[in-house]
1. Once you charge only the Cβ atoms, +1 for Lys and Arg and -1 for Asp and Glu, what is the size of the charge dipole of the range 4-198 about its Cα centre, to the nearest 20 debye?
2. Would you please classify the overall shape of the range 1-103 from the alpha carbon gyration tensor, given that a ≥ b ≥ c denote the square roots of the eigenvalues, rounded means a/c under 1.5, and beyond that prolate means a/b larger than b/c while oblate covers the rest?
3. If you line up the long axis of helix 90-99 against the longest principal axis of the chain, both from Cα atoms, how many degrees apart are they, to the nearest 10?
4. Where does helix 9-29 land angle-wise versus the long Cα axis of the chain, in degrees 0 to 90, nearest 10?
5. Would you please give the FRET efficiency between A32 and R147, computed as 1/(1 + (r/R0)^6) with r the Cβ-Cβ distance and R0 = 22 Å, to the nearest 0.05?
6. Quick check: residue separation of D120 and D133 times 0.36 nm, minus the Cα distance between them. What number comes out in nm?
7. Within a Cβ distance under 14 Å of A143, other residues only, what is the Lys/Arg minus Asp/Glu net charge?
8. Starting from the Kirkwood radius over alpha-carbon pairs of the range 4-198, derive D by Stokes-Einstein at 25 °C in a medium of 0.890 mPa s and give it in µm² s⁻¹.
Amino acid sequence: MSPRMLLDVSFFVFLHSLDIDLAERVRRGGCAVCGGPLHAAPYPRKLRGLPAGAGRLFSKRMSFCCGSRECRARATPPSVVFFGRRLHPGAMVLLVSALAHGSSDRRLRRLQRMFDIDIDRRTLVRWQGFWRDAFPGTDGFRAQAGRFSPPLSRCGLVRDLLRRFAGSLRDRLVSALLFLSPLTTGSVALERARRCAGETRRGGVVIAC
Ligand SMILES: [Zn+2]
């Protein structure tokens, strides 16, 4: 498993195009509260660990605000780049968690050298704790993971998730990020976010899934 794509600007440009597609699908659906129009209302974000040249694409997270004065509800679309409030992109959180399975110091140092990533041991342990302990208990995960049979393994969940999709590692990573994208927003209902992610997956993006 060689995550060279984490160093590749074009990979993040592609992920950005998926985020634009996801956002457009949310915008077209209108406000879920009152049916009003959604207007762009991005907010600033700063991601760490992106390859040089990719940072400018992700200095803001796409988000919308209802245009109805009485409503103003926010709708932040699902994302294949932003992973909740984490400082690193979702692709890195997934791949490094999978590669550092077991989290030996030697393996972590190798990853740090290989990809010049600024991830310390505490961050890695936190990510692994999230996949192992917190993530399987979330409503979103339970709703999403039901599609897998046999169920995803709790031990080495990220590695198992990546194995469940077809294609190259790059294809599988993109599929996993789309699969997880409905869980990256708290302001678009899970069912709607899942529908958008499914449409993006089918909408001309060649992903074996
Ligand atoms: Zn509204």
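1. Working: 35 positive and 14 negative charges, 65 e Å.
Using Cβ point charges on Lys, Arg, Asp and Glu, the range 4-198 gives about 320 debye.
2. Values: a/c = 2.66, a/b = 2.31, b/c = 1.15.
Note, shape of the range 1-103 comes out prolate.
3. The two axes meet at around 20 degrees.
4. Relative to the chain, helix 9-29 is tipped by roughly 30 degrees.
5. Numbers: r = 24 Å, r/R0 = 1.08.
It comes out at approximately 0.40.
6. Numbers: separation 13, 0.36 × 13 = 4.68 nm, distance 1.99 nm.
Here the segment from D120 to D133 would lengthen by 2.7 nm.
7. Numbers: positive: R142, R147, R192, R194, R195; negative: D139, E191.
Local net charge: +3.
8. The diffusion coefficient I find is 140 µm²/s.
Every number in this text was worked out from the coordinates using simple rules, so none of it is lab data. These numbers come from a predicted model, not from an experiment. Neighbour counts are summed over all protein chains in view; Cβ atoms, including those assigned to glycine, are modelled from backbone coordinates with ideal geometry.
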